[in-house]
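Okay, structure first, notes after.
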Amino acid sequence: MVYESELNKLRHQKGQNFFQSFELSIRHHNALNSGAPAFERMWHFWGNHFSLSNKDFISDWHYGPYMREAIRPSMDKTFEEMVVEVTTSWGMIHHLDNTDNIGPNSQEGRRENSDGDKKKVGLNENHGREILELHTVSPAANYTQDDVINMAKVLTGWAKKWSKKNSWAGPLVFQPELHEMGQKNILGKSYNTKENKITGNKQLFAVIKDLCNHKSCREFIAKKLCQHFITDEPSQEMIDPIIQAWVKSDGFLPEIHKATMKVAFEYGNKHKKFLMPEPWLIQNAKMLNFKHYWGPDRYVFKPGKIPPKRERQIQWILEDLGHSVFKASQPNGFIDNEEEWTSPELMIRRMVYANQFQTYLKNIKREKQSTYDDEFFENIIYKNFDNPENALKTVFSANSTQNRFVMFANMPEVLKT
C-alpha cells in the first residue's frame, strides 16, 4: 500500500495527467495544420495498425513518443523498415512483454533457472504471435504454433537494459546473454543453419524481411488500407493496385500510400466509408474551422499539478465519442468497420457532441470565432459538398444554430468519407 501510494505520487509529480492530452493536441494540430492531410491520415492508420493496448500506463507515458519517434519517421521508408522500428521500439517491447521473453537455454536463462527445481524464466510468446497475426502475414499465411514459438525465440534478447539509474523506459538494446541460440524455423524457412549463418540481432531483421515480402503480408495490409479508406468489404480489384505498387517499389510506403489514395479516389463515388469518431471530429474541425484542442504550443507543464480543463479538453472529447485513440483495449487496435461504430449509443454521442460545438469553444481563449449565420453554412457546404442544395436544405431545416451543427455533422456526407 505504501509502495503504491508513493508510486502514484511520483507519477503525479512527473506529469501523468499532462502528457496524454498534450500528445493528442500535437496529433490533431498536425492533422489540421501540416498541409499534408493525407500523410497525417496515413500516420493515424499505421498507429492503429501497430497499436499499443491500454496497459501499464502506456497511454499516459509511451504512446505519443512511440507515434512520433517510431512510426512517423518511418513513413518515408519501406514497410519492412517500419516493422523493424516498431518491433524494436520500447513501446512495443513493453506492451507485448518482450522484456520477459528470455531464452531458457541462453546464458541468463541457464543462470536463473539453475537455482532450485522451479523454472524461473523462459519464452513469452506475446510479441512473436502479434508480429505474425497482427503486424505482417496474418493467419492467412497458415502459420503454426511452432512458428509462433520460433518467432518468440528470435525475439529473445530484445529488451531494456536495466540499471539502478534506468529503472523504467530505455535504452533498448539487443542483449546476447538473453538470446536463445540455435536454428529457428518460421513459415518453411530456416535461420542459423550450416548454409545460413544468421544469428543474434541479425536474425530478427532477416525474419522481418521475409515476413514483409510474403504474399500474405501484402494482401493483408492492402486489404486493411482499402477497408480504412473505401469500404468494409473491398474487392480484389481495389486491393490489386496497392499490391502492385508494393511489389514494384519493394514496399516503399510513399508509393503504397499513393496507390491507396488513387484507388480511394477511383471508387469514392460508389463507396463511402463510414468514419471512426476521431477522423469524423477532425473532418468537422477542418470544414467548420474550429479549434477543439489547446496548444500544443500553449501547454504549460507544472510538476505535481493537474492540467486545467482547457488543456484536457481533447482527451475528454475523444473519450465521450468512444474513441480514446491511445487506449485501445486489445493489441489489434480499434476495429475499423461500420458495424463497430453505428450503435445507437455511439451515434447519439456524435449528436450530443455536435450540439456542443458552440458551447465548448467559449471555454477556450482564442481568436474570435466566426458568426454561424446562413452565410457561414452556405460557404462551408458549397465548398465541400457535391450536392450543396440538398445539404443546405437539411441544415436550414433546423430551428437553432446548435441544431444546425447537429444536422451538419451527422449528414451522410460528413459521417462518411
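Count, please, the residues in region 299-320 that happen to be closer than 17 Å to residue 54 by Cα and of a type in the set (A, V, I, L, M, F, W, C).
2
Let me confirm something: among 241, 277, which residue is out of contact with any Pro (no Cβ under 8 Å at 6 or more places or on another chain) and either β-branched (Val, Ile, Thr) or surrounded by fewer than 20 Cβ atoms within 10 Å (Cβ to Cβ) (or both)?
When all the criteria are applied, what remains is 241.
Condition (residue is under 17 Å from the mean Cα position of the chain (by Cα), surrounded by fewer than 17 Cβ atoms within 10 Å (Cβ to Cβ) and among the hydrophobic types (A, V, I, L, M, F, W, C)) applied to region 137-150: is it met by at least one residue?
Within region 137-150, not a single residue is under 17 Å from the mean Cα position of the chain (by Cα), surrounded by fewer than 17 Cβ atoms within 10 Å (Cβ to Cβ) and among the hydrophobic types (A, V, I, L, M, F, W, C).
Restricting to region 215-238, what's the tally of residues that are over 19 Å from the mean Cα position of the chain (by Cα) and surrounded by fewer than 19 Cβ atoms within 10 Å (Cβ to Cβ)?
6
So, in region 43-62, exactly how many residues are outside any helix (DSSP H, G or I) and either buried (at least 19 other Cβ atoms within 10 Å of the Cβ) or hydroxyl-bearing (Ser, Thr, Tyr) (or both)?
Matching residues across region 43-62 total 5.
Just name the residue that is nearest to residue 242 (Cα to Cα) out of those in region 167-214 that are assigned to a helix (DSSP H, G or I) and either free of Cβ contacts under 8 Å to residues at least 12 places away in the same chain or small (Gly, Ala, Ser) (or both).
Across region 167-214, the extreme among qualifying residues is 206.
Taking the condition farther than 21 Å from residue 206 by Cβ, of a type in the set (Phe, Trp, Tyr) and touching a residue at least 60 places away in the same chain (Cβ under 8 Å), does residue 79 pass?
no
Looking at region 199-250 only, could you name the residues that are acidic (Asp, Glu) and within 12 Å of residue 80 (Cβ to Cβ)?
Listed by number, the residues that qualify are 210, 250.
Any idea how many residues of region 379-410 are surrounded by 15 or more Cβ atoms within 10 Å (Cβ to Cβ) and closer than 15 Å to residue 283 by Cβ?
Here the count works out to 9.
Out of the residues in region 197-216 that are in contact with a Phe, Trp or Tyr (Cβ under 8 Å, 6 or more places away or on another chain) and among the hydrophobic types (A, V, I, L, M, F, W, C), state the one that is nearest to residue 49 (Cα to Cα).
The residue in question is 212.
Only the coordinates and a few stated rules stand behind these numbers; no lab work does. Since the structure is predicted, the reported quantities are computational estimates derived from the model, not experimental observations. Here Cβ is always computed from backbone atoms with ideal geometry, including for glycine, and neighbour counts include all displayed protein chains.
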